[in-house]
Amino acid sequence: MQTSLESPLQQVRWLDLPGNPEGPRQLTYAELGIHTPFEVLRVYWIHSLSAGEGRGRHAHRTGQQLLIAANGGFRVRLDDGSASATYDLTDPGRALWIPGGLWREIDVLENGSLLLVLAFKRFDES
């Protein structure tokens, strides 16, 4: 929950996802409503990406998201208008929770990377 002194940038959190991270066949999962801090209404993935490619370059006023690097890696830069922070998404067992109100820029770190996004809102271009 946001307090009057806490910006959306201060609310960003890493979430460790459960699973079996050992051995040659690893598994990670998220049970909606249990491992997600919001009701997920939309799931999408961005794939067939090349290293150096940029994504995002926009803000979500109210929509929360969980970003998961299902394959490869991403650098995520978040900005609240007065401060910014950068996160490297490279572990498929960790999700980055992003509240609404932040400008986001996502850079692809590796060819073939796949970004999985769990979103709080259905798509609305406005």
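Does at least one position in region 20-37 carry a residue that is without any contact (Cβ under 8 Å) to a residue 24 or more places away in the chain, open to solvent by 50 Å² or more (accessible area, probe 1.4 Å) and of a type in the set (Asp, Glu)? Checking region 20-37: at least one residue is without any contact (Cβ under 8 Å) to a residue 24 or more places away in the chain, open to solvent by 50 Å² or more (accessible area, probe 1.4 Å) and of a type in the set (Asp, Glu).
Residues in region 87-97 that are open to solvent by 20 Å² or more (accessible area, probe 1.4 Å), in a strand (DSSP E or B) and within 14 Å of VAL117 (Cα to Cα): ARG94, TRP97. Taking the criterion of being surrounded by fewer than 18 Cβ atoms within 10 Å (Cβ to Cβ) and either at pLDDT 95 or above or under 20 Å from LEU118 (Cβ atoms) (or both), the residues of region 58-84 that qualify are HIS58, ALA59, ARG61, THR62, ALA70, ASN71, GLY73, ARG75, ARG77.
The values are calculated or read from the model by the stated rules, or taken from the named source; none is laboratory data. Everything quoted here is computed from the prediction, not taken from an experiment. Backbone-built Cβ (ideal geometry, glycine too); neighbour counts: all protein chains shown. The protein model used for the area step is the full one, side chains on, heavy atoms only, and it has no ligands, DNA or RNA in it. Shrake-Rupley method; radii C 1.70, N 1.55, O 1.52, S 1.80 Å.
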